[in-house]
Amino acid sequence: MPVPAPVPAPVPAQRQRVNTLDVSNGDLTLLVIEDDPAGTFTVPELVDAAGGRVRIRTARNLTEAERLLTDDVHCVLVDLDLPADARRGDDPLSVLRHVLRVAPRHAVLVLARSERAELAAEAVRAGAQDRLFREELDGPLLSRAIRYAVERKRADSVQVKLAESRLRAQENARLERGLLPTPLLQGSDLRFAARYRPGRSRALLGGDFYDTVRTPDGTVHAMIGDVCGHGPDEAALGVELRIAWRALTFAGLCGDELLSTLQQVLEHERENEEIFATLCTVDIEPDGRRAGLCLAGHPAPLVARPAQGARLLPYEDGGPALGVLPRARWPRRQVELGGVWSLMMYTDGLIEGRSAGPGSPRLGQEGMVDMINRQLARGLVGEELLEAAVAEVRDLNDGELTDDVAVLLLDRAAR
């Protein structure tokens, strides 16, 4: 059924007040799907009270509408009184549903006779932004409805994207938390603590990785490593190396044999030959007094004993980082721990921050040892010690650290 051509009409004062609430006064394009456009929307454009133009395109059917539905169309007006042969099946809203599928980013209005108000309401529930009645239609009303529909669609799209972004962030957070290790130390008298701070903004997982397990013979194995780079690919490779280390450790490998196998894993999984990883492994004997130390291009851990303070373990005999030399070797060095001790393993993110803000020298290993000794003198141990260490490094750097930071602490108390 034809509707009067929407020509500009005098706008009552109340309508003028409503129209001033339009968010945008820019030009818009309306695509009308109506069976008799020549006798209905006879004007090529409208001008609303605020001076904005609405260009009108008309289509007789869905096929023609899809051809005219270009990127510069802002809103689609669907006539609910289309003849049966223009619809798909018996559903009176079939044309609308098809438009909603093929134009998910466009605002959609429906046009109906007032006696079909319930169908118009159902169309809004189905996804249209608003409904118009033929008997009330005029130029200003149509212009205002189009602008309202476009802004409402934009707001709805923003809300949907925000919800999707939050959902993805929650899913990523759950995934990344699940990839962080759970130490397996059942039966050991050693106490475990760890801190992890990825360098990537809003990430939970970076290229640093660590793990600690106790094998059936009573040996406690600890490892910490760092894949070069800070992106999600480096984080994924770090997880692969950690899982491989745990599996190989339970299979009985240690020292050079374990690191050689890990290098094969890295070479197979890395994206290019320039990717490498540093690693430090420690295997503590069941009596807790001695340990084997292997370094693959990684900074040496430090050990603290009562009345002796903290000092770095020997690191002269370390080997190269994994992935640098194809036939490298990593000697295993025996170190004495003693009866009561704290062993701290860390990645270079802890020592590469500035010692006194931008432009100052880096903290370095010696600066880190001095910092840990100050905190030990305050009586800090375990989780409190690590929390204080990471916080002080950040404060000394005068801002957030750009590199990933992982710190692992094992304590053996007096028996």
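The values are calculated or read from the model by the stated rules, or taken from the named source; none is laboratory data. Remember, predicted model here, so these are calculated numbers, not experimental data. Here the Cβ positions follow ideal geometry from the backbone for every residue, glycine too, while neighbour counts run over all protein chains shown.
Can you tell me which residue among 318, 309 is within 38 Å of the chain's Cα centre (by Cα), surrounded by fewer than 22 Cβ atoms within 10 Å (Cβ to Cβ) and under 30 Å from residue 376 (Cβ atoms)?
Step by step, each of 318, 309 is checked, and only 318 is within 38 Å of the chain's Cα centre (by Cα), surrounded by fewer than 22 Cβ atoms within 10 Å (Cβ to Cβ) and under 30 Å from residue 376 (Cβ atoms).
Would you call residue 122 over 25 Å from residue 70 (Cα atoms) and buried (at least 17 other Cβ atoms within 10 Å of the Cβ)?
Criteria met by residue 122.
Of the residues that sit in the range 98-116 and are surrounded by fewer than 18 Cβ atoms within 10 Å (Cβ to Cβ) and among the basic types (Lys, Arg), which one is farthest from residue 63 (Cα to Cα)?
113
Taking into account only those residues within the range 17-73 that are modelled with pLDDT under 75 and of a type in the set (D, E, K, R), which is nearest to the chain's Cα centre (by Cα)?
The selected residue is 22.
Give the range 204-243 a look and list any residue that's free of Cβ contacts under 8 Å to residues at least 12 places away in the same chain and among the aliphatic types (A, V, I, L, M), or say none.
236, 243
Taking the condition of being farther than 30 Å from residue 340 by Cβ, in contact (Cβ under 8 Å) with a residue 24 or more places away in the chain and surrounded by 14 or more Cβ atoms within 10 Å (Cβ to Cβ), how many residues in the range 257-294 meet it?
Within the range 257-294, residues that are farther than 30 Å from residue 340 by Cβ, in contact (Cβ under 8 Å) with a residue 24 or more places away in the chain and surrounded by 14 or more Cβ atoms within 10 Å (Cβ to Cβ) number 11.
Hey, can you tell me all the residues within the range 275-285 that are under 14 Å from residue 209 (Cα atoms) and assigned to a strand (DSSP E or B)?
277, 278, 279, 280, 281
Looking at the range 347-403, which of its residues are in a loop (DSSP other than H, G, I, E, B) and surrounded by 15 or more Cβ atoms within 10 Å (Cβ to Cβ)?
Across the range 347-403, the qualifying residues are 347, 351, 352, 353, 355, 363, 380, 381, 401, 403.
Could you please tell me which pairs satisfy a Cβ distance under 9 Å, a separation of 6+ or placement on different chains, a first residue in the range 310-327 that is on the phi > 0 side of the Ramachandran plot and touching a residue at least 24 places away in the same chain (Cβ under 8 Å), and a second residue that is of a type in the set (Val, Ile, Thr) and surrounded by 13 or more Cβ atoms within 10 Å (Cβ to Cβ)?
These pairs meet every condition: 323/275.
Table: residues versus (1) at pLDDT 95 or above; (2) under 35 Å from the mean Cα position of the chain (by Cα); (3) basic (Lys, Arg); (4) assigned to a strand (DSSP E or B).
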{"site": "239", "(1), (2), (3), (4)": "no, yes, no, no"}
{"site": "244", "(1), (2), (3), (4)": "yes, yes, no, no"}
{"site": "248", "(1), (2), (3), (4)": "yes, yes, no, no"}
{"site": "260", "(1), (2), (3), (4)": "yes, yes, no, no"}
{"site": "267", "(1), (2), (3), (4)": "yes, yes, no, no"}
{"site": "273", "(1), (2), (3), (4)": "no, yes, no, no"}
{"site": "293", "(1), (2), (3), (4)": "yes, no, no, yes"}
{"site": "296", "(1), (2), (3), (4)": "yes, yes, no, yes"}
{"site": "303", "(1), (2), (3), (4)": "yes, no, no, yes"}
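Which members of the range 89-122 meet the condition of being without any contact (Cβ under 8 Å) to a residue 24 or more places away in the chain and out of contact with any strand residue (DSSP E or B) (no Cβ under 6 Å at 6 or more places or on another chain)?
Result: 89, 90, 91, 94, 101, 104, 115, 117, 118, 121.
Which numbered condition trips up residue 88, out of (1) at pLDDT below 90; (2) within 27 Å of residue 158 (Cα to Cα); (3) in contact with a His (Cβ under 9 Å, 6 or more places away or on another chain)?
The single condition residue 88 does not satisfy is (2).
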